Amino acid sequence: MTQISINVDGVNYSDDVEPRTLLVHYLREQVGKTGTVIGCDTSNCGSCTVHLDGQSVKSCSVFAVQADGHEVTTIEGLAVDGQLHPMQQAFHENHALQCGYCTPGMIMQSIDLLNENPSPSEEEVRDGLEGNLCRCTGYQNIVKAVLSQAEGARTPSEAQGAQS
């Protein structure tokens, strides 16, 4: 067992973990952050995406010991005082989900995408989300939601027109 200390969603946690414990399992099983979804366990789907020191990572490809001394933000850590994060709100307003399984990872990756490129084109959004898979939506409304939050955000009709 290895002792780790991680700040998760603004709360410090110190726990003993097996060195082989994946961050996704630590977050879900020891910290109780079940919004971080286990999708494929092979880093192909992106459902488990979280922010590690502000950068998106697939938590099924990171060991919990690698996060020792770092900050992790999960989908649960985005809302503040009951107010959804603007990207969460954009996904809601743009109907950017169906079954919702990929949604936490998509939102986390979308935030990181806009942090790196505040004013992406539709193609850049699609490229930026390519490591996150959705089997339900066809991506149209996901892209629309991200574009609605981009710097100099388009109006909903402009964003929809860019999708056509």
Test: residue in segment 74-82 that is surrounded by 15 or more Cβ atoms within 10 Å (Cβ to Cβ), in contact with a Pro (Cβ under 6 Å, 6 or more places away or on another chain) and touching a residue at least 40 places away in the same chain (Cβ under 8 Å): yes
Residue among Asn94, Asn132 that alone is in contact (Cβ under 8 Å) with a residue 60 or more places away in the chain, surrounded by 15 or more Cβ atoms within 10 Å (Cβ to Cβ) and closer than 30 Å to Pro19 by Cβ: Asn132
Entirely in segment 36-149, the helices (runs of 4 or more DSSP H) that have 1 or more residues that are under 30 Å from Thr2 (Cβ atoms) and either touching a helix residue (DSSP H, G or I) at 6+ places or on another chain (Cβ under 6 Å) or at pLDDT 95 or above (or both): 103-116
Of all residues making up segment 1-45, the number that are of a type in the set (Val, Ile, Thr), free of Cβ contacts under 8 Å to residues at least 12 places away in the same chain and under 21 Å from Asn132 (Cα atoms): 1
Restricting segment 52-73 to residues that are surrounded by fewer than 17 Cβ atoms within 10 Å (Cβ to Cβ) and small (Gly, Ala, Ser), the residue that is farthest from Gln30 (Cα to Cα): Gly54
Residues satisfying the stated conditions in segment 115-129, i.e. surrounded by 14 or more Cβ atoms within 10 Å (Cβ to Cβ) and under 26 Å from Asp41 (Cα atoms): Val125, Arg126, Gly128, Leu129
Residue match in segment 83-104 (condition: more than 28 Å from Ile38 (Cβ to Cβ) and outside the structural domain of Arg28 (by TED's automatic domain parsing)): no
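The values are calculated or read from the model by the stated rules, or taken from the named source; none is laboratory data. Since the structure is predicted, the reported quantities are computational estimates derived from the model, not experimental observations. Cβ: placed from backbone, ideal geometry, glycine included. Neighbour counts: every protein chain shown.
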